[in-house]
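Structure, as structure tokens:
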Amino acid sequence: MPEVFCCHDNGELLSIYLHVPFCHTRCSYCDFFLVTRLDHLDSFFIALSAETLAAAPLLKGRRVKAVHIGGGTPSLVPVRLLARWLDLLSSLCTFEPGMEIALEANPEDLDVPKMQELRVAGISRLSLGAQSFQQRKLSALGRRHTAEEAREITSKALRAFDTLSVDLICGVPGESPEEWQRDLRAALSLAVPHLSVYMLSVEPKTLLERRIARGHVSLPGDAVQAAMYSFAIETLCSRGYEHYEVSNFAQPGHRSRYNLACWMREPYLGFGPSAHSFIRTGELEVRRANSGSLLRYLAGPPAAASTEEVLTEEERFVEKVFLTLRINQGLDVEFLRKHDKLGQSLSGLLDLFLAKEWILLEDGRIYLTGYGFLFADHIAQELISV
């Protein structure tokens, strides 16, 4: 492990991410790293234990505030394997009282006994990939669960865990605004405390991209998708949800601790193939990424990192602009003005964004409007490239 990547406790709480790279099938729109063969499952957890033990110097003396188990589909894994890893992790660091342990799950993998097992293992937050509560949309997305299962498992998960997040996708092939409104109403009727709302994006080299290129399917136009997203903002905020990140809405007290830590550039360690880490060492900030190859990971998990870089001042500036806007924490105008590139052009750019009703200026800080969230990345790109 390179000497620069060492972790000293400076009082900051640490978060942990585990990437479980197994799925029954690959969804047509997914570009995450995963494999659909489950015969390496036990070998993966053996390798994971080795990687975790090798990270003991980074974990020693650290206090962990959140663990997020993502993928892939972690819910297809036997709970005993997850519990064993959590026990190992807890022996190497200190779990903060009341810390959040979140697990991504698909409805078809869950029933009441398994949810009870997960709860006993320490899972306090479930992130449920329902995507829709309507069968036509689920079929269009190629999901394995039914609309009835989505509703049933959502209802039962609300009783099993401290908090529940549900993923919903809008802009599915053939989707109408009325269908999207029905999905939101279904989620609200179930009283889900956290919703992640995603506009379906066409990622390179996915099955969805190929099907669109061949003319087999088409997505709703940009204006329709924007209207769906705006409707979600208006509807959820009127019902007491906090729009605390571009895609995320939470009732008070139900924000994702791990995701928020990442967006606020707090340190985190990633385990598993393709997982990322972010650590501060004194004045240095280091990002590290594991190899996106399961076979390479299994062959040498303690040396799984394929890239490691110390962030430059420019890279730190870019990250702060993008991420501060993404969570709408208020981007300091003076911070931007001090950046060499912006010079005198900043005022004109802000006037343009104000005229488009993309931003608000309050106490010397830039905040996105609900409409402006649609253009968050564009606004950030303009601010860093002037």
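The values are calculated or read from the model by the stated rules, or taken from the named source; none is laboratory data. Because the structure is a prediction, the values reported are computed rather than measured. Here the Cβ is made from the backbone with ideal geometry for all residues, glycine too, and neighbour counts use every protein chain on show. Ligands, DNA and RNA are excluded from the accessible area calculation, which covers all protein heavy atoms including side chains. Shrake-Rupley method; radii C 1.70, N 1.55, O 1.52, S 1.80 Å.
A few points about this structure:
- Against the list (1) over 30 Å from H216 (Cβ atoms); (2) surrounded by fewer than 16 Cβ atoms within 10 Å (Cβ to Cβ); (3) within 23 Å of the chain's Cα centre (by Cα); (4) not hydroxyl-bearing (S, T, Y), the condition G142 fails is (1).
- Being surrounded by fewer than 16 Cβ atoms within 10 Å (Cβ to Cβ) and under 21 Å from the mean Cα position of the chain (by Cα) is a property that R316 has.
- Each residue in the range 33-62 was checked for being of a type in the set (D, E) and touching a residue at least 40 places away in the same chain (Cβ under 8 Å), and 1 pass.
- Looking across A275, A304, one residue alone is closer than 27 Å to A55 by Cα, at pLDDT below 90 and open to solvent by less than 10 Å² (accessible area, probe 1.4 Å). It is A304.
- Residue match in the range 170-188 (condition: within 20 Å of R326 (Cα to Cα) and either modelled with pLDDT of 95 or more or within 22 Å of the chain's Cα centre (by Cα) (or both)): yes
Matching residues to (1) in a helix (DSSP H, G or I); (2) open to solvent by 40 Å² or more (accessible area, probe 1.4 Å); (3) among the basic types (K, R); (4) closer than 19 Å to A160 by Cα:
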{"site": "L53", "(1), (2), (3), (4)": "yes, yes, no, no"}
{"site": "V67", "(1), (2), (3), (4)": "no, no, no, yes"}
{"site": "R80", "(1), (2), (3), (4)": "yes, yes, yes, yes"}
{"site": "R84", "(1), (2), (3), (4)": "yes, yes, yes, no"}
{"site": "L89", "(1), (2), (3), (4)": "yes, no, no, no"}
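For (1) loosely packed, with under 15 Cβ neighbours inside 10 Å; (2) within 24 Å of R125 (Cβ to Cβ); (3) touching a helix residue (DSSP H, G or I) at 6+ places or on another chain (Cβ under 6 Å), each residue gets a yes or a no:
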residue: T25; (1), (2), (3): yes, no, no
residue: V35; (1), (2), (3): no, no, yes
residue: D39; (1), (2), (3): yes, no, no
residue: F44; (1), (2), (3): no, yes, no
residue: R62; (1), (2), (3): no, yes, no
residue: T73; (1), (2), (3): no, yes, no
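- Annotation note: of H68, H19, the sole residue that is out of contact with any helix residue (DSSP H, G or I) (no Cβ under 8 Å at 6 or more places or on another chain) and within 27 Å of L284 (Cα to Cα) is H19.
- Boolean, S291 is touching a helix residue (DSSP H, G or I) at 6+ places or on another chain (Cβ under 9 Å), open to solvent by less than 20 Å² (accessible area, probe 1.4 Å) and hydroxyl-bearing (S, T, Y): yes
- Which listed residue is open to solvent by 10 Å² or more (accessible area, probe 1.4 Å), in contact with a Cys (Cβ under 9 Å, 6 or more places away or on another chain) and among the hydrophobic types (A, V, I, L, M, F, W, C), from L360, L323: L323
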